[in-house]
Amino acid sequence: MDPDAGNLLDIQFQGIVVIVGNYGSGKTEVAINLALACRPKADAVRVVDLDLVNPYFRTREARALLAGHQIELILPPATYLHADLPILSPAVAGAIRGAGHLTILDVGGDDVGATVLASLADAFRGQTIQMLQVVNPHRPNTDSVPGCLAMRAEIEAAAKMEVTGWIGNAHLMEATTPQTVWDGYEFVAELSSASGLPLAFITAPGALIGALSDRPINCPVLPIQRQLVPPWLKAETITDGEPDEPGRAPGSI
Amino acid sequence: MGKVLMKGNEAIGEAAIRAGCLNYFAYPITPQSEVAEYLSRRMDEVGGVFLQGESEVAVGYMIFGAAGCGARVFTTSSSPGISLMSEALSYITCAQCPAVFVNIMRGGPGLGGILPSQGDYFQATKGGGHGDYRLFVMAPASVQEAVQMVMEAFPIAEKYRNPVMILGDGLIGQMMEPVEFPEDLVVKPTNKDEWATNGIGNRSDDSPNLVKSLFLDPVQLNSHNLMLKAKYDRMRREDVRYEAYNTDGDYRALIVSYGTMSRVCRTAIDFLKEEGLEVAMIRPQTLFPFPEEAVRDAAGKAGCQVAVSIEMSMGQMVEDVERSIQGRCPVEWYGKCGGEVPTPEEIMDVVRGMLKG
């Protein structure tokens, strides 16, 4: 990271931000951390759990955390919270139409997950929207620029909306190193030039932020404090200042 | 290929391909549907076959047919789907065909729920179908171990000419971890010409191989069952697997736990150690054959006051733990099976409570 390039951690968005990407690209973790990062300077932040295809590890698992930061989370009705059905609450269209300062839509994976966006076309009409595609080059099918572009085309066709920028989310969970982040940055920078779409930001594990200063990263960096963890790990603590070290050693069986 | 970040379900599909299995028949069900989704793309890329059956009953017999021809074949499903395949599992086992079945368990009984569970322990280890048969049952605790077990399952199935069941809970299928695919686990099939209905080929004997599960002659059927029993006894002698954790020093309690549940227990054991309370764990990696000797020895260690089976089921493993320990110490149970996974703190309280009581 280039220390003279201003506060690269200062990420601010307004309006409607739609987070899309392939399965397991990290959309939900990005959506939660982005909402928390934007909250201190935003009048109101709202997150819409639009993941209708994934049965586990959804935004709804972080509802207490988001509520604690006065971030509104739009979910299916409580009765259907564990339903194995794609339930689209009417509150979603309402949240889009009445979008306040910042509304983040966490969409399900692949073109299948993005299909729901097409059904919300009326609500989106006339609004300014950023649709950002999350890319982790360590995931199958998005480990190459053509792979990412193919995924983009499939998502756009299903969503009937266009991707407007990229989020670089290169990581290998607890095996992530600074090199993973640097290589991921170069990958997504290349993707940005190949596609002509801007690189909105990259992510890095909160605990590694301090170790990234040896090489230039010329885009904002969103520190990630993992929230969607399996039961033998603790979610990382969200703070307004320096990120904490992870609470527990990663499971290693 | 270096490390990639994969969902358990995707990694299971890729591991099967890497192991040389190019035949996959399945029917989607949460929480394992991503295997089918992943392989619908990948099987096409590698020239393999993915056929979605009209039901799990049909899938079971597709497996039987392909396995009987000597093809490497596997399926994946989740609890209710495995129930529907149980008839075929009995037939396949009787006919001695190697095949791999993966069960990414969800809460039951009945339709239950879609969250993680270990409620199919009895079904997997004691037979969900009819007759005297056993499956070779492996239980991974991580996505990497699921990869390894799937790759090893094919040669094990061929060694015993018996189906292998990989028993994972919903978390194994749904969570993401970095994985590698070890090249050294790729083993070519060796014995199929001796039994598979793959044509007479160059065999000198002109009597064809026959794959069947019908034995109307009672003497013949009894002999067949004795031969199957000898095979299950051989599994017990040659292929028991387990991991021992914190068993080197003295300890006051022994946990027996498998799958992702054992990872929660491991975290609890680490925290209890910080408090000065030593607890050990035996993690069965094979549920059949069960690591009886390892559990018996660990429970019989001086100072071990109690053994506790910790499961995401209502005590289904307890009888195997009791049978192994043979009264060397009291055996207790703790678990949940609605889809909630017990936390490390709960496990710590349970162990402390049992030692006080």
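Every read-out reported here was derived from the displayed coordinates using simple, explicitly stated rules and does not represent laboratory data. None of the values given here were measured: they were computed from a predicted structure. Positions of Cβ are backbone-derived with ideal geometry, glycine not excepted, and every protein chain shown enters the neighbour counts.
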- prompt: How are the Cα pair distances of the range B:1-73 distributed, in percent, across 10 Å bins from 0?
  reply: 20, 52, 24, 4
- line: Listed with the fewest Cβ neighbours within 10 Å leading, B:Met281, A:Met161 appear as A:Met161, B:Met281
statement: Cα-based Rg and Dmax for the range B:4-194, in Å, come out at 14.7, 44
- line: Low-density loop trypsin sites (Lys or Arg not before Pro), the range B:192-230, at most 14 other Cβ within 10 Å, DSSP non-H/G/I/E/B, are B:Arg203, B:Lys212
- prompt: Got the relative contact order for the range A:15-224 handy, in percent, Cα pairs under 8 Å and 6 or more residues apart?
  reply: 24
Cα-based shape type of the range B:242-356, given that a ≥ b ≥ c are square roots of the gyration tensor eigenvalues and the cut on a/c is 1.5: rounded
statement: Here the percent of antiparallel bridges among DSSP beta bridges lying wholly in chain B, to the nearest 5, is 25
query: Hey, what's the per residue convex hull volume over the C-alpha atoms of the protein assembly as shown, in cubic angstrom?
result: 167
- prompt: What are the ³J(HN,Hα) values, in whole Hz, obtained from phi via the Karplus relation 6.51 cos²θ - 1.76 cosθ + 1.60 with θ = phi - 60°, for each residue of the range B:133-141 in sequence order, with x given for Gly and Pro?
  reply: 9, 9, 9, 7, 10, 10, 10, x, 10
query: Taking each residue of B:172-184 in turn, how many C-beta atoms of other protein chains fall within 10 Å of its C-beta, and what is the average?
result: 3
message: At 25 °C and a viscosity of 0.890 mPa s, what translational diffusion coefficient does Stokes-Einstein give for the range B:48-102, taking Rh as the Kirkwood radius over Cα pairs? Give it in µm²/s as a whole number.
response: 223
- prompt: Of B:Ile17, B:Ile269, how do they rank once you tally other Cβ atoms within 10 Å and put the fewest first?
  reply: B:Ile17, B:Ile269
statement: Rounded to the nearest 500, the 222 nm mean residue ellipticity computed for chain A from DSSP H runs (n ≥ 4, each -39500 (n - 2.57)) alone is -8500 deg cm²/dmol
- prompt: Which loop-located chymotrypsin sites (Phe, Trp or Tyr not before Pro) does the range A:150-192 contain, where loop means any DSSP state but H, G, I, E or B and the Cβ has at most 15 other Cβ atoms within 10 Å?
  reply: none
message: Would you work out the Kirkwood radius for chain B? I mean one over the mean of 1/r across all pairs of different Cα atoms, in Å.
response: 20.9
- prompt: Out of residues 5 or more away from B:Asn162 or on other chains, whose amide H comes under 5 Å of its own, with H placed 1.01 Å from N in the peptide plane?
  reply: B:Ala99
query: To the nearest 10 degrees, how steep is helix B:259-275 against the longest Cα principal axis of chain B, on a 0 to 90 scale?
result: 20
CD proxy at 222 nm, helix term only [per DSSP H run n ≥ 4: -39500 (n - 2.57); per residue of chain B; nearest 500]: -13000 deg cm²/dmol
- line: Ordered by fewest other Cβ atoms within 10 Å, a rough proxy for footprinting exposure, B:Glu345, B:Glu56, B:Glu292 read B:Glu345, B:Glu292, B:Glu56
task: Using only Cα atoms, tell me the angle between helix B:33-45 and the longest principal axis of chain B; keep it within 0 to 90° and round to the nearest 10.
output: 40
field: Fraction of antiparallel bridges per DSSP, the range B:4-194 only, in percent to nearest 5
entry: 20
- prompt: For the Cα atoms of chain B, what angle does the longest principal axis make with the long axis of helix B:218-238, in degrees from 0 to 90, nearest 10?
  reply: 50
- prompt: Taking only C-alpha pairs under 8 Å that are 6+ residues apart, what is the relative contact order of the range A:1-127 in percent?
  reply: 38
task: Rounded to whole Å and sorted largest first, list the principal axis extents of the Cα atoms in the range A:1-121.
output: 49, 28, 28
- prompt: What residue among A:Pro76, A:Pro205, A:Pro90 shows peak mean-square fluctuation when chain A is described by a Gaussian network model with Cα springs under 10 Å?
  reply: A:Pro90
- request: Measure out, as a whole number of angstrom, how far apart the alpha-carbon centroids of the range A:7-78 and the range B:110-180 sit.
  value: 34
- request: Determine by what factor the alpha-carbon radius of gyration of the range B:87-193 differs from 2.2 N^0.38 Å, reporting the quotient.
  value: 1.12
- prompt: If you wrap the range A:15-224's Cα atoms in a convex hull and average its projection over all directions, what's the area in nm²?
  reply: 11.2
- line: Note on chain B: contact order normalised by length, alpha-carbon pairs under 8 Å, 6 or more apart, percent, works out to 17
task: May I ask for the net charge around B:Glu243, where only other residues with Cβ less than 12 Å from the Cβ of B:Glu243 are counted and Lys, Arg are +1 while Asp, Glu are -1?
output: +3
task: Calculate I(q)/I(0) for the range B:230-293 by the Debye formula, one identical point scatterer on each C-alpha and no solvent, and give its log10 at q = 0.27 Å⁻¹ to two decimals.
output: -1.09
Calculated SAXS-style log₁₀ I(q)/I(0) at q = 0.15, 0.19, 0.21, 0.25 Å⁻¹ - the range A:109-175, Debye, Cα scatterers: -0.51, -0.76, -0.88, -1.11
task: Read phi for every residue in the range A:143-155 and hand back ³J(HN,Hα) as whole Hz from Karplus 6.51 cos²θ - 1.76 cosθ + 1.60, θ = phi - 60°, with x for Gly and Pro.
output: 8, 9, 4, x, x, 5, 5, 5, 4, 4, 4, 5, 5
- request: Take the alpha carbon atoms of the range B:161-280, find their radius of gyration, then divide it by 2.2 N^0.38 Å using N residues; give the quotient.
  value: 1.68
query: Within straight cross-link reach of B:Lys126, meaning Cα distance under 19 Å, which lysines are found once same-chain residues fewer than 8 apart are removed?
result: B:Lys229, B:Lys231
